[in-house]
Amino acid sequence: MPASKLPLLLAAFQYRFGRDLDTMTQHLVGDVAVGWEELGTDLLDGAPPENVAALIGGARWPSRTLDDLITLDGSPPTRMTVTETTAAAQDMTWGYVLRPHGIEVIPVQYAPSGPVFSWDSDPCTDFSNPAAWTTVTTAQPPATPTTAPAPAAPGTRHTSPPKEPLCEPHRIRPIRHVR
């Protein structure tokens, strides 16, 4: 749900990763073998205490990757490819796309794209009402054509060539929050 993930990702970019999108992308995508079980409050490291209190109210939990997966045939788990055509079938409701100018939030079952929230957006903004998002979003730039498939994101498995991959550089797969 964007009300919990969007503030966490904005704050992580601004504070923990020092506005370095490449480092944030490497941490969220490149350094993870399969995917994320949960993004935790460790992403708020370096954020001002008042922001941390406003975002999580004192509760702390660690980020956890999907390390203990077992496949039916015993083979190592592989990443799944998440695209606009496969996301709904994988029970993904929201997608978060890391772009150079902000985070695109996509309601994957209803739209192929979504609003882009500037990296400068205040993480303490109330993102619980999508109807009010137009006041905190930036215009989405035109899509750039993709000429070659990009590396798969964490927790993805290649199934068929998508019409536009969601796993370009600076993109992450939708993340489920399980607690």
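The values are calculated or read from the model by the stated rules, or taken from the named source; none is laboratory data. Since we're looking at a predicted model, the values are computed, not measured. Cβ atoms come from the backbone with ideal geometry, glycine included; neighbour counts cover every protein chain shown. In case anyone asks, the SASA skips ligands and DNA or RNA and just uses the protein heavy atoms, side chains included. Shrake-Rupley method; radii C 1.70, N 1.55, O 1.52, S 1.80 Å.
If E38, E50 are ordered by their accessible area, calculated over protein heavy atoms with a 1.4 Å probe, which sequence runs from highest to lowest?
Order by accessible area, largest first: E50, E38.
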*Cα-projected label distance for R64 with H27, points at 7 Å along beta-carbon direction, nm*: 2.0
_At 1.4 Å probe radius, can you tell me the per residue accessible area of the stretch 1-112 in Å²?_
48
*Against the globular-protein guess of 2.2 N^0.38 Å, express the Cα radius of gyration of the stretch 1-104 as a ratio, rounded to two decimals.*
1.17
*Could you size up the charge dipole of the stretch 54-133 around its Cα centre, putting +1 on the beta carbon of Lys and Arg and -1 on that of Asp and Glu, and report it in debye to the nearest 20?*
80
*With a cut-off of 13 Å, note down the residues of the stretch 1-18 whose backbone N falls inside the zone around a label point 7 Å from the Cα of A88 toward its beta carbon.*
none
